[in-house]
Amino acid sequence: MSTAPSSTNDAAVPAVGSDRETFLDRIGIPHPLRWGFLAVLIFMTGNGVETNFVSPTWPTCSAAGTR
């Protein structure tokens, strides 16, 4: 067995307790997925805003709401 460091992008993941470790590293969010988490956060916020904006007017606009 060799003890040589692997060549799989070790520089992208900072060591635990190092100066390069960020808050997101400490809570377990991997660096490659950070933008994905942000995109989901923005999408879900927009989805909630749209739902609350459309919901009060939905019964008056749809055919199911007319009697």
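Treating r as the C-beta distance of Leu24 and Phe53 and R0 as 35 Å, the FRET efficiency rounds to 0.65. Most tightly packed first, judged by the mean number of other beta-carbon atoms within 10 Å of their residues, the peptides 48-54, 29-35 read 29-35, 48-54.
Just so you know, all these numbers are worked out from the coordinates, no wet-lab data involved. Fair warning: this is a prediction, and the values are worked out from it, not measured in the lab. Quick reminder, even Gly has a Cβ in these numbers, built from the backbone with ideal geometry, and neighbours come from all protein chains shown.
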